[in-house]
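Peer 1: I have a structure I would like to understand better, so I am pasting it below and will then ask my questions one at a time.
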Amino acid sequence: MAGGSSNYWEDLRKQARQLENELDLKLVSFSKLCTSYSSSRDGHRGDSNSDTTPLLNNSTQDRMFETMSVEIEQLLAKLTGVNDKMAEYTSTPGVTSLNAALMHTLQRHRDILQDYTHEFHKTKANFLAIREREDLLGSVRKDIETYKSGSGVNNRRTELFLKEHEHLRNSDRLMDDTISIAMATKENMTSQRGLLKSIQSRVNTLANRFPAINNLIQRINLRKRRDSLILGGVIGICTILLLLYAFH
């Protein structure tokens, strides 16, 4: 009976160690999965051209996370069952002489189970927190990109409207300048016309006031014409005489 009980205890210990080794490997892989998930999110953050590949990778990682979580929970449940059987065995009346050593071994396996359970829940909570945070940030980035795309179109339209408005303002300014130049030219010509009329009026006034001067001026003009005619006649006669002399 003692030999059979000893073999039963050893079988339980062997099962516990095997489950603990499997759990250790699973937890290491589980932790790496969480780290790689966070790294893939950080590596593609801000890359507008990576909308498809990161989503596919993270979707695969999400499925792996669910699968590994179920496997680890099953292993923890099996290890808990083995520890319960070991606790029942230590309570058997036939093994009271070895109870202290058995209790020490059982406590060590319980501590390992507790550590693995704590590590699993901690890693799982970290993974879920990272996924929730990244999903939230992805949604915010998508909203920002959508807002920027709409704002870009609106800004482009606003810029075109502003340019067109500026062109119209420049055209109005040129028209105003042209009209101002034309009005200034008209005023200048009107002013010169008035000045000429004023000079002519003054000359007429002077001529009317001093008729002798007017008569003198007329005589001078007549004499100048007469002198011009005489000089022209003399020049003509001399030319004819020279031509006759030349052809004689």
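Peer 1: Conditions: (1) at pLDDT 75 or above; (2) surrounded by 14 or more Cβ atoms within 10 Å (Cβ to Cβ); (3) among the small types (Gly, Ala, Ser). Ser91 meets all but one. Number of the miss?
Peer 2: Answer for Ser91: the failing condition is (2).
Peer 1: Then there's this: Quick test of your reading of the structure: Val82 fulfils all but one of (1) open to solvent by 40 Å² or more (accessible area, probe 1.4 Å); (2) β-branched (Val, Ile, Thr); (3) at pLDDT 85 or above. Name the failing condition by number.
Peer 2: Result: Val82 fails condition (1) only.
Peer 1: A follow-up question, please. Return the only residue of Arg223, Arg173, Arg133 being under 30 Å from Leu33 (Cβ atoms), open to solvent by 90 Å² or more (accessible area, probe 1.4 Å) and modelled with pLDDT of 80 or more.
Peer 2: Every option except Arg133 fails the conditions.
Peer 1: Looking at this structure, is Asn57 touching a Ser or Thr at 6+ places or on another chain (Cβ under 7 Å), modelled with pLDDT under 80 and not hydrophobic (A, V, I, L, M, F, W, C)?
Peer 2: yes
Peer 1: Also, I was wondering about something else. Just to be sure before I move on: is Asp62 at pLDDT 60 or above, in a helix (DSSP H, G or I), acidic (Asp, Glu) and farther than 26 Å from Gln107 by Cα in the structure I sent?
Peer 2: Judged against the criteria, Asp62 is a match.
The values are calculated or read from the model by the stated rules, or taken from the named source; none is laboratory data. Note that the coordinates shown come from a computational prediction; the quantities given were computed from them, not determined experimentally. Note that we place each Cβ from the backbone using ideal geometry, even for glycine, and neighbour counts take in every protein chain shown. Each accessible area value is taken on the protein alone, full model and side chains, heavy atoms only, with ligands, DNA and RNA left out. Shrake-Rupley method; radii C 1.70, N 1.55, O 1.52, S 1.80 Å.
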